[in-house]
């Protein structure tokens, strides 16, 4: 592996106060290096999505620190943090977060335009990204005129456009058929092989098989880390049987 792209150091995230206080993460440390794809697994409520939102600078830890390419996110102004997210992070949200008033191409090219890339260049990059996920013909279609699976592929294209050093994917194949899902995972794997760092939240062991390493969360802590897919399947079976 190469240099660390993402570092979480003793990260804790607490939501609420008093009797409603919930520890979403408890002292989690994690390093993801350039060229590495890490799968995160665990039961509902284990802290998987919280880990992604902290890694992507969409939330701040209660304790500890998050660093992307050596920059402590908590030290940045809101404007600087937004700029870092646009330039360096690609994020596939569970709820997709597409803008209904923009076409597929416009949704994909938006972060590049916001960062000052000329419109024609951004549009060419968006067309290439949509081609990669197999929906180039839908470039001028609005989200409401697409199926859930098509919308998900637009969100994935948006996450992969440009030179993103860190790609965060929260169940990116949830609305896709198995063949398309495998193609998307192949794209994510290729992006990491080209030098990006990636985190994939998934509940399927076969998807985790694309990763270099699997982190298993339980009750907000890292319960195990492993590489062999058969160990992942064993952990998942143990969890679902309880």
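Just to be sure I understand: with springs between alpha-carbon atoms less than 10 Å apart, which residue in 21, 112, 86 has the highest mean-square fluctuation in the Gaussian network model of the chain?
21
What value, in deg cm²/dmol to 500, does the helix sum -39500 (n - 2.57) over DSSP H runs of n ≥ 4 give at 222 nm once divided by the residues of the chain? Display every interim value, and only then the final one.
Details: 8 runs with 89 residues, N = 242.
For the chain, the value works out to -11000 deg cm²/dmol.
Rounded, prolate or oblate, given the Cα gyration tensor of the stretch 107-207, with a/c below 1.5 counting as rounded? It would help to have the intermediate numbers written out before the result.
Working: a/c = 2.05, a/b = 1.24, b/c = 1.66.
The shape class here is oblate.
For the chain, give the share of DSSP beta bridges that are antiparallel, in percent and rounded to the nearest 5; count only bridges with both residues there.
On the way: 20 of 37 bridges.
Close to 55 percent.
Sequence gap at least 6, Cα distance under 8 Å: using those rules, report the relative contact order of the chain to the nearest whole percent. Write down the numbers at each step before the final one.
Numbers: 470 pairs, mean separation 66.3, N = 242.
Reported as a whole number, the value is 27 percent.
Hey, can you rank 216-226, 145-155, 118-128, 162-172 by average C-beta count inside 10 Å, highest first?
Values: 216-226: 17.5, 145-155: 19.4, 118-128: 15.7, 162-172: 22.0.
Highest mean packing first, the order is 162-172, 145-155, 216-226, 118-128.
Would you please put 200-213, 129-142 in order of how densely packed they are, using the mean number of other Cβ atoms within 10 angstrom per residue and starting with the highest? Before the final figure, lay out each step's value.
Values: 200-213: 20.2, 129-142: 18.0.
Those peptides, ordered most packed to least, come out 200-213, 129-142.
Which whole-number percent is the relative contact order of the stretch 84-161 (Cα, under 8 Å, 6+ apart)? If you can, show how the numbers build up before the last one.
Values: 99 pairs, mean separation 34.8, N = 78.
Contact order relative to length: 45 percent.
Any read-out appearing in this document is the output of simple, stated calculations on the displayed coordinates, not a laboratory observation. None of these values were measured; they are calculated from a predicted model. All Cβ positions, even for glycine, are placed from backbone atoms using ideal geometry, and neighbour counts span all protein chains on display.
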